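A quick write-up on the structure given underneath.
The values are calculated or read from the model by the stated rules, or taken from the named source; none is laboratory data. Remember, it's a predicted structure, so these values are computed and weren't measured experimentally. Backbone-built Cβ (ideal geometry, glycine too); neighbour counts: all protein chains shown. Ligands, DNA and RNA are stripped out before the accessible areas are found, and what is left, the full protein with its side chains, is counted by its heavy atoms. Shrake-Rupley method; radii C 1.70, N 1.55, O 1.52, S 1.80 Å.
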Amino acid sequence: MLLGGAALLIAVVIPLVAPDYLVPLLGKFLCFGIAALAMDLVWGYAGILSLGHGLFFALGGYGMGMYLMRVIAGEGVYRSNLPDFMVFLDWKQLPWYWHGFQSFPFAMVMSLVAPGVLALVFGWFMFRSRIRGVYLSIVTQALTYAATLFFFQNAAGFGGNNGLTDFKRILGASLHDPGTRKLLYVASAIALFGTYLLCRFVVTSRLGRVVTAVRDAELKTRFCGYESTNYKLFIWTLSAMLCALAGALYVPQVGIINPSEMQPSNSIEMAIWVAVGGRGTLGGAVLGAWLVNGGKSWLTAALPSAWLYALGALFVAVTLFLPDGLVGLGSKVGSKFRSKSLRPPT
Amino acid sequence: MSAIPVTPLEDDDRPTPISSAPIPAAARPELALWVENLSVTFDGFKALTEVTLTLEKGELRCLIGPNGAGKTTLMDCITGKTRPDSGAVYLESRMNDLTKLSECRIAELGIGRKFQRPTVFQGHTVYENCELALAGKKGVFRTLFARLSAAERTRIDEILELIGLQDHAKRQAGLLAHGQKQWLEIGMLLAQAPSVLLIDEPIAGMTHAETERTAELLRSLAGAHTVVVVEHDMEFVRSIARRVTVLHQGKVLAEGPMAQIQKDPRVVEVYLGV
């Protein structure tokens, strides 16, 4: 009931009443909500603190960006069949990995599958070697940093420093048209609710209970007959693909994708969203993403230099005073209030 | 020595089948577990040296020995947590060597283990703990769509009643008292329905009454299961043991019925100390 009401409000009412300039910003928030769910799945439920999820988000975004570049082939500044940055580098031919991206379905599948395969292979080595805890966080952080450096190179073929931008159309609709932006917003809302339902199905299944058990007592799960490596790998790969979905929806709404999206700090921010909202609760993760990003939008406009300090202070405060995040605080206050009202009057 | 409530068994006085020579496959159809020449070294420290141990089907065996004798290391080797330097472990008449398999594969083959410190899934309810321990296929995708069958629900209810936690089914396992956690872990072992149970210090932190119930439960499990109990409490060992194996400095020092072990001068010297 509550969920349906929220879905209706976010997906239908907001795009009807919100001013045009606000729609892409809110759409961005929805994408961050999806990323937060992905992060919560892997950190809150499986206890794997990844500090590299920004990479999967960005890779999903690059997949969408490649489609948006290819679909306007011949309409760039140089009127070439190649994307502008390739003309600029004096490339004559499309690199092999750009083939097929003029097709929207292919590009969407690749946006999810490529990060998924990367996560699967990387995760397999990581979990098989029984890397966990702070070491895992460092390894994932290093992975996204290495990818940032790779994508910064012009020779990598992804537009280097500038990334991919100057998008014009998606599926024939102009990206500058407010109507298209509203549709992208609605698509993000649907994706967010789909992701929420999927995550809820996973965490309430027996698999979800096994994953939480692996988080709490991995060796015991192995002695119960569960190959914990496979469980971690499943949840890790699923989470990476959901993050990529968020990135693919994010790019047409902000109009650019470049290697700064993979910077280690972005991944750390994702962990902060989840910590603020409440680890291990799906609603909390989304709430945290919205509140932190709302604060960021407001503060970077009002006091641009203060944002990083505020973010750091927020993280320290949440770690010290709100180990269960805002949702944990809410339920604590709620139970206190209930027990007070139950007390007989004296 | 006077009041030992040992149930007399017909094979109590049989000579101990302890030898380092491999037993031919045909001669050991009755064996539940067969540990052969197991040696483990940790940084030069010999935790186990050429340990050979045979367990008959349905037997209740107590494993005793002073601290550092290698009892837990032996359990670690049998369950796949520690890889031995040499030697092998066989389950029933299967020819697969357990020391080459992963922990979960060994669990699937039918060896259950209770840890020294009670280890339950803290964040889950008592009921969910039993559910997770239930026997069955434990692949990722099967688990994603798994639902409890009526038979499984009945089984969990039976186990909860047996371990006396039926009123705590919905309680978070992390909130249970120490003794209750021990019981829950034993219940989880039962849910797993293994053929061999390895139980490390089952009565640590239990009250006298709980200890008696545990002894009763372990005795009732023997027969249908093969049970190995590691315990320090000699009173408890006397009350349940039929056969006892004494480990000392990584070697099998003695093996036999409790009455015989207690009289063995070597055992008295290193362990019983009385």
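The listed residues A:Asp90, A:Asp40, A:Asp177, B:Asp97, once ranked by accessible area (1.4 Å probe) with the largest placed first, stand as A:Asp90, A:Asp177, B:Asp97, A:Asp40. In whole angstrom, segment A:4-139 maps to an equivalent ellipsoid with semi-axes of 31, 27, 12, each derived as √(5λ) from the alpha carbon gyration tensor and ordered largest first.
Among A:Ala38, A:Ala240, A:Ala313, the largest mean-square fluctuation in a Gaussian network model of chain A (Cα springs under 10 Å) belongs to A:Ala313. Solvent-free Debye calculation, one equal scatterer per alpha-carbon of chain B: log10 I(q)/I(0) at 0.09, 0.11 Å⁻¹ equals -0.42, -0.64. Scalar couplings 3J(HN,Hα) for segment B:231-236, obtained by applying the Karplus form with A = 6.51, B = -1.76, C = 1.60 to θ = phi - 60°, are 8, 8, 6, 5, 4, 5 Hz; x denotes Gly and Pro. Comparing the full protein assembly with the isolated chain (1.4 Å probe, heavy atoms, ligands and nucleic acids excluded), the residues of segment B:104-125 losing at least 50 square angstrom of accessible area are B:Cys104, B:Phe115, B:Phe121, B:His124. Under a model in which nothing but the beta-carbon of Lys, Arg (+1) and Asp, Glu (-1) is charged, segment A:2-263 shows a dipole of about 680 debye around its Cα centre. For chain A, modelled as a GNM whose springs connect Cα atoms under 10 angstrom apart, the maximal fluctuation among A:Leu233, A:Leu183, A:Leu198 occurs at A:Leu198.
Each principal axis of the Cα cloud of the protein assembly as shown was taken in turn, and the coordinate range along them, longest first, works out to 98, 76, 45 Å. For the protein assembly as shown, carbon and sulfur atoms together expose 62% of the accessible surface, with a 1.4 angstrom probe and every protein chain in place. Entry note, chain B: the mean residue ellipticity at 222 nm calculated from DSSP H runs of n ≥ 4, each adding -39500 (n - 2.57), is -9000 deg cm²/dmol after division by the residues and rounding to the nearest 500. Legend: calculated FRET efficiency, A:Asp177 to B:Arg117, from the Cβ-Cβ distance at R0 = 56 Å, rounded to 0.05, equals 0.30. List the pairs from B:Lys57/B:Lys81; B:Lys137/B:Lys251; B:Lys81/B:Lys138; A:Lys336/B:Lys114; B:Lys81/B:Lys170 whose alpha-carbon separation is above 26 Å, in the order I gave them. The answer is B:Lys137/B:Lys251; A:Lys336/B:Lys114; B:Lys81/B:Lys170. Volume per residue of the convex hull around the Cα atoms, evaluated for chain A, comes out as 174 Å³. If you run the Gaussian network model on chain B, springs between alpha carbon atoms under 10 Å, then out of B:Val120, B:Val140, B:Val229 the most flexible one is B:Val140. Per-residue 3J(HN,Hα) values for segment A:267-277, derived from phi via the Karplus relation 6.51 cos²θ - 1.76 cosθ + 1.60 with θ = phi - 60°, read 5, 5, 4, 4, 4, 5, 3, 5, 5, 5, x Hz in sequence order (x marks Gly and Pro). Only the Cβ atoms of Lys and Arg (+1) and of Asp and Glu (-1) were treated as charged; on that basis the dipole of the protein assembly as shown about its Cα centre amounts to roughly 1480 debye. Here segment A:127-163 and segment A:1-61 have alpha carbon centers that stand 23 Å from each other. Going by accessible surface with a 1.4 Å probe and the largest first, B:Lys251, B:Lys170 read B:Lys170, B:Lys251. Ranked by solvent-accessible area (1.4 Å probe, protein heavy atoms only, all chains present), the residues B:Lys114, B:Lys181 order from largest to smallest as B:Lys181, B:Lys114.
Against chain B, whose longest principal axis is taken from its Cα atoms, helix B:150-162 shows a tilt of about 60°. Across segment A:217-290, the mean sequence separation of Cα contacts (distance under 8 Å, 6 or more residues apart), normalised by length, yields a relative contact order of 14 percent. Our coupling estimate for segment B:107-121, obtained by passing each phi through the Karplus curve with A = 6.51, B = -1.76, C = 1.60 and θ = phi - 60°, is 4, 5, 6, x, 10, x, 9, 10, 6, 4, 8, x, 10, 10, 7 Hz, Gly and Pro reported as x. When DSSP beta bridges are restricted to pairs lying wholly in the protein assembly as shown, around 60% turn out antiparallel.
Less than 5 angstrom separates the built amide H of B:Arg61 from those of B:Val227, B:Val228, B:Val229, all sequence-distant by 5 or more or on a different chain.
The amide H of A:Ile170, built 1.01 Å from its N in the peptide plane, has A:Leu175 as neighbours under 5 Å, considering only residues 5 or more places off or on other chains.
The spacing between segment A:196-211 and segment A:93-110, judged by their C-alpha centroids, is 33 Å.
On association of chains A and B, roughly 2700 Å² of accessible area becomes buried (total for both chains; probe 1.4 Å).
Under a model in which nothing but the beta-carbon of Lys, Arg (+1) and Asp, Glu (-1) is charged, segment B:124-221 shows a dipole of about 500 debye around its Cα centre. Bridge orientation summary for chain B: considering DSSP beta bridges with both residues in this region, about 55 percent are antiparallel. All alpha carbon pair distances within segment A:112-174 were sorted into 10 Å bins beginning at 0; the resulting P(r) in whole percents reads 18, 33, 30, 15, 5.
Calculated accessible area for chain A comes out at 46 Å² per residue, all protein chains present (probe 1.4 Å; ligands, DNA, RNA ignored). List the residues whose amide H sits under 5 Å from the amide H of B:Glu56, counting only those 5 or more places along or on another chain, with H placed 1.01 Å from N in the peptide plane. It is B:Ala32, by chain and number.
With a Förster radius of 56 Å applied to the beta-carbon distance between B:Lys251 and A:Arg338, the computed FRET efficiency rounds to 0.40.
Axis of helix B:208-221 versus longest Cα principal axis of chain B: the two differ by about 80°, to the nearest ten degrees.
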